[in-house]
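Each remark here refers to the structure printed beneath this line.
The values are calculated or read from the model by the stated rules, or taken from the named source; none is laboratory data. As the structure is a computational prediction, the values presented were derived from the model and not from experiment. Neighbour counts run over all protein chains shown; Cβ positions are idealised from the backbone, glycine included. Keep in mind that these areas ignore ligands, DNA and RNA; they rest on the heavy atoms of the full protein, side chains included. Shrake-Rupley method; radii C 1.70, N 1.55, O 1.52, S 1.80 Å.
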Amino acid sequence: MEEYGKILIIAMPIFLVLIVIEKIYGIYKKNDTAPLIDSVSSISSGITNSVKDVLGLSVTFLSYEWMVSKIAVFHLEANILSYCIAFFVIDFYGYWSHRLAHQINFLWNKHAIHHSSEEFNLACALRQPIASLVNLFTFLLIPAAILGVPASVIAITLPLHLFLQFWYHTKHIKKMGFVEKILVTPSHHRVHHAINPEYLDKNHSQIFIFWDKLFGTFQEELDDVPPVFGITRPANTWNPIKINFQHLTLLIKDAWRAENWKDKLTIWFKPTGWRPENFEEKYPVNKIENVFDFNKYGTQNSQKLILWSVAQILITLLFVSYLFENIAKIGLPAIFIYGFFILVTIYSNSELMDKSKYAVFWEGFRLSIAVSIITFYGGWFGLNSIFSFSNYIIIGYLSLSILVTIYFVTVDFKNNQNQTIKPSTA
């Protein structure tokens, strides 16, 4: 946990700087592909995922280390060769786990968050799941285990492999010539994120594009079919925690309402999106039928809400950075209390972005958590030993936050309901 936290301390500012550069470049080119509210939601999702991972909130039924101890034919050292093998095998593992997440109903729940943005930009790469609490696909790393690649090499290569998937989430880089034949490029990944019928469930590769060509899931980006992004059952919320469980909620409801036991049991393993016969008529859900004729969610926002949302996510990143930097010092069980505070923070901020009146409740709940923490521990997890006024600053900030939330709910949102607002260009 502590090691991964240290890695994220380095990675987070790099990602943030690149997101800002893309935003500035888009404005300069008069082709801004990164609305601020959408980017804030994406970064919020990245925070929830990283907190889940750092706190170790996942279960692996089949340990890679156990596989190595049982089936390794060789025993490689941690050298360039073993890292190259690990990277290649992890990419194979990534292709199949990714493809299955698109093709099996219950697996789609953990991946839908990544596709939920109706934009395509660097920030949406951070839309990673918290719903993936169980790792089912460790067996796909069997080739590395047979060759005896050390578990430590796999542990280092996995996050590196994930971070290298960040750069191709952009509309600003066009086709890249010969590179398109070897690596996944922005053009390939635009196809993957698109909901056009021509593009659905294509290009599952993560680094090397040849997996798709080998297994029949490759699709080139077509000049006459511009990709349209999102999911066919739109999320209609900025709240990443809600998005993480939307599909699962629908599956549970459909399984409960199904009239025969076969449907109740098989719905989980059917192709993604499958529902029992006549359920689309009996229990309709919002679904995009024409990808070129639908309204994107949450495009009309006051500049005040946009700027406040940006400020909130930057402050949240400070809270997260302190957690990741001080995991060992904070210790158990305090890190889980801290993690819970972060999740409530994300939920509260997202509710405000969704213009929900319940944002006031969540802000009040967040303030009560902070007061309880400071009262019980005598400070904010040791921060007052570094900065003596930290308790007052944190309580002051959270008190201001709830007042601003009350203003938005009681004044700003109502004012905006009573007038026509032009779509924000921010």
To the nearest 500 deg cm²/dmol, what mean residue ellipticity at 222 nm is calculated for the chain from DSSP H runs of n ≥ 4 alone, each contributing -39,500 (n - 2.57), summed and divided by the residues? -18000 deg cm²/dmol
Exceeding the 30 Å Cα-Cα cut-off - candidates K29/K304; K171/K304; K175/K304: K175/K304
For the range 1-113, the Kirkwood Rh over every pair of distinct alpha carbons, in Å, works out to 17.8 Å
Per the Kirkwood formula on distinct C-alpha pairs, the Rh of the range 1-215 is how many angstrom? 18.3 Å
Counting only heavy atoms of protein chains, what accessible area per residue, in Å², does the range 1-215 have with a probe of 1.4 Å? 43 Å²
Sort largest first and round to whole Å: the equivalent ellipsoid semi-axes of the range 339-386, each the square root of five times a Cα gyration tensor eigenvalue. 25, 10, 7
Test of understanding: what is the full-extension gain from F106 to C84, defined as 0.36 nm times their sequence separation minus their Cα-Cα distance? 4.7 nm
Across 20 Å bins beginning at 0, the whole-percent shares of Cα-Cα pair distances in the chain come to 23, 56, 20, 0
Take each of the peptides 373-382, 258-267, average the number of other beta-carbon atoms within 10 Å over its residues, and list them starting from the highest. 373-382, 258-267
The alpha-carbon center of the range 311-329 and that of the range 61-90 are separated, in whole Å, by 33 Å
Suppose R0 equals 22 Å; then what is the FRET efficiency for N286 and L343 from their Cβ-Cβ distance, rounded to the nearest 0.05? 0.25
Mean separation of Cα contacts under 8 Å, 6 or more apart, over the residue count of the chain: relative contact order %: 19 percent
11 Å beta-carbon shell around P150, net charge (K/R +1, D/E -1): -2
So how far apart, in nm, are the two label points at I406 and K304 if each is 7 Å from Cα heading toward Cβ? 1.5 nm
What's the center-to-center distance, using Cα atoms, between the range 146-207 and the range 340-354 in Å? 30 Å
Segments 387-393, 131-137, 173-179 sorted - mean Cβ within 10 Å per residue, highest first: 131-137, 387-393, 173-179
For the range 249-403, state what percent of all Cα-Cα pairs lands in each successive 10 Å bin, counting from 0 Å until the bin that includes the largest distance. 9, 27, 21, 20, 17, 6, 0
Here FRET efficiency (C-beta to C-beta, F74 to F269, R₀ 35 Å, nearest 0.05) is 0.45
For the range 211-269: lysine pairs with Cα atoms under 29 Å, gap of 8 or more or different chains, count? 5
